[in-house]
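Rule-based calculations on the coordinates, nothing more; no lab input. Since the model is a prediction, treat every value here as computed from it, not as a measurement. Here the Cβ positions follow ideal geometry from the backbone for every residue, glycine too, while neighbour counts run over all protein chains shown.
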Amino acid sequence: MTRHFLRDDDITPAEQAEILDLAAELKKDRWADKSLAGPQTVAVIFDKSSTRTRVSFAVGIADLGGSPLIISTANSQLGGKETPADTARVLERQVAAIVWRTYAQAGLEEMARDTVVPVVNALSDDFHPCQLLADLLTIREHKGDLAGLTLSFFGDGRSNMAHSYVLAGVTAGMHVRVASPEDYAPREDVIADADRIAAETGGSVTLLTDPLEAAAGADVVVTDTWVSMGKEEEKLARLRDLGAYKVTQETMSVADSEAIFIHCLPADRGYEVDAEVIDGPQSVIWDEAENRLHAQKALLVWLLRQP
Ligand code: CP
Ligand code: NVA
């Protein structure tokens, strides 16, 4: 059975730990693993803009001895004339894996259902699981064991990042708090899935509307843009609704004194986070951005190793 990575809970807690361990190993020697030698090609498809994801997949695939094929949907048949299923049937005869940044999660599911090569979600409207592997690697590097740590997310709790923190966080046994207005709370089905995983791992998810209550004692403070790609028309309403959830020095002063700040980037300084925080001493955003490379290489190696 081909394994895909469309959501953070497509891997078990043990598998997540295995991928993070492999990422830490690959980080020690970037060119030691040549799993894609041949070179094998990996298709990396973008329906939305990207800097980090595009660069880290392209560089990572090359590090592994493979050849990245970066495709913009604007210049391809996918998204216009051709379905994800037909695209998958064409690509699977030529590439080792398909990585896709898109809008609807359903498109990724269709792509995965109709192909024998691994499909990786490089961000959808609902989840950003590759980012979470990098974030967990970063948190582990700075805070040690993930299980038992408290991670507090502030802002748009219905965003791809919030959903991924909820699922990947509990998979790692973390206590995840989401601080948002009620109308921006995470989707109920995602919370139900997270609760099931948390019962197994000892993690938890708590939804809060009071940002300072969410920040109290947190080990990891995190936020994301208030205006995700595809939500541009809601910009004014979002700036108004999410203003109280900005991460400030006050947020950090309530968190644990050794707390770290992370952000997937790109960031809107002065909106979801103040410059003093994101550019301050507790911020580890550049480690986080680098770790996209190591985490995604580990993911590809792991997926291609599956029987
Ligand atoms: N964090 C992230 O996915 O960044 P890009 O949109 O630049 O890929
Ligand atoms: N939530 C953001 C993440 C960008 C990496 C977006 O979807 O635009």
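Taking the charge dipole of the chain about its Cα centre, with +1 at Lys and Arg Cβ atoms and -1 at Asp and Glu Cβ atoms, the residue from Ala298, Gln40, Ile98 reaching farthest to the positive side is Gln40. Taking the Cα centre of segment 131-288 as reference, the dipole from Cβ charges on Lys and Arg (+1) and Asp and Glu (-1) amounts to some 120 debye.
When each of the peptides 78-85, 232-239, 261-268 is scored by the mean number of other C-beta atoms lying within 10 Å of its residues, the order from highest to lowest reads 261-268, 78-85, 232-239. Straight-line reach from Lys28: taking Cα to Cα under 25 Å and skipping same-chain neighbours fewer than 8 places apart, the lysines in range are Lys143, Lys297.
By the beta-carbon count within 10 Å of each Cβ, the least crowded to most crowded order of Tyr271, Tyr245, Tyr165, fewest first, is Tyr271, Tyr245, Tyr165. With a simple spin-label model that places each label point 7 Å from the Cα along the Cα-to-Cβ direction, the separation between Ala85 and Arg3 comes to 2.7 nm. Computed from point charges on the beta carbon alone (+1 for Lys and Arg, -1 for Asp and Glu), the dipole magnitude for the chain about its Cα centre is near 1160 Debye. Cross-link partners of Lys34 among aspartates and glutamates, defined as those whose alpha carbon lies under 16 angstrom from its own and excluding same-chain residues fewer than eight positions apart: Glu25, Asp63. Bridgeable lysines around Lys48 (alpha carbons under 20 Å apart, same-chain partners fewer than 8 residues away excluded): Lys81, Lys231, Lys235. Counting other Cβ atoms within 10 Å as a rough exposure proxy, the listed residues Trp31, Trp302, Trp226 run Trp31, Trp302, Trp226 from fewest neighbours to most. Computed 3J(HN,Hα) for segment 289-297, one whole-Hz value per residue from the Karplus formula 6.51 cos²θ - 1.76 cosθ + 1.60 where θ = phi - 60°, is 5, 4, 5, 4, 4, 5, 5, 6, 4, glycine and proline marked x. Taking the charge dipole of the chain about its Cα centre, with +1 at Lys and Arg Cβ atoms and -1 at Asp and Glu Cβ atoms, the residue from Asn75, Pro281, Gly243 reaching farthest to the positive side is Asn75. Taken one residue at a time, the phi angles of segment 173-186 give Karplus couplings (6.51, -1.76, 1.60, θ = phi - 60°) of x, 8, 9, 9, 10, 10, 9, 7, x, 4, 5, 10, 6, x Hz. Gly and Pro are set to x.
His175 sits among other residues whose Cβ lies under 15 Å from its own Cβ, and their net charge, with Lys and Arg +1 and Asp and Glu -1, is -4. Of the peptides 114-123, 100-109, the ranking by mean beta-carbon count within 10 Å, highest at the top, reads 114-123, 100-109.
Along segment 193-198 the Karplus relation, 6.51 cos²θ - 1.76 cosθ + 1.60 evaluated at θ = phi - 60°, assigns HN-Hα couplings of 5, 5, 4, 5, 5, 4 Hz to successive residues, with x for each Gly and Pro.
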